[in-house]
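Visitor: Encoded as structure tokens, here's the structure I'll be asking about.
The numbers here are math on the coordinates, done by the rules we state, and not lab data. None of these values were measured; they are calculated from a predicted model.
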Amino acid sequence: MEDILYRFCAYGMEYKHHEGYTHEWVTLLPVVHLAYNTSQQSTTGKTPALVERGWNLLLPVDYLKKSLLTIQPTAKEIHEMCKRAWKNEVEVKLTEEFSRKHPVFPVSLVKPYFQTEGYRFPSMKKNPTPPEIVEVEDSLGPVKKIIKARKIRLNCKDQRKYLVRFKNQTADKDKWLEEDAIPDGNFI
């Protein structure tokens, strides 16, 4: 206690708190006494008040802690009652991006999730088979006639394209082709 008082008094006879008012250190002596009596000592492992008087001093914080302990079991009981009352609803843990959404959903909207075999056993992952390449014939046969012609601007150049109909094909097979892509296009 002497050491605490010596250090407390060594700062000067006047004490200024955060608002700048000065007080005599004598008025703050009860606060120092309470702090000393409620601190746990390293040698005994107990507070000086418990060693001297046989009981600990109770602070307002201790009363708050006692009342919190009685509130928590009640809250747990209410939570269990809510779970029993709403058997047709599911509460979901949402990530931050969905934190503004309501976490309770009807059971009818929820589907069970099954992990794939590849997820549970990563070494057994099968390599995906490449898709089959289907070759499409570029030419549908010889050109029967040119139906229309038009100019198109591609890459800052004017190009002429022709709508052609192929021999022995219907109108749905007509294509727009450039002059270079038409067989014997230079004679047309």
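Visitor: Enumerate lysine pairs in the stretch 143-187 that are 8 or more residues apart or on different chains, then count those whose Cα atoms are under 17 Å apart.
Guide: Step by step, the pairs that qualify in the stretch 143-187 add up to 17.
Visitor: Let me ask something additional. At 0.36 nm per residue, and after removing the present C-alpha to C-alpha distance, how many nm does the segment from LYS144 to ASP158 gain when stretched out fully?
Guide: 2.5 nm
Visitor: Okay, moving on. Averaged across orientations, what area in nm² does the convex hull of the alpha carbons in the stretch 143-187 project?
Guide: 3.4
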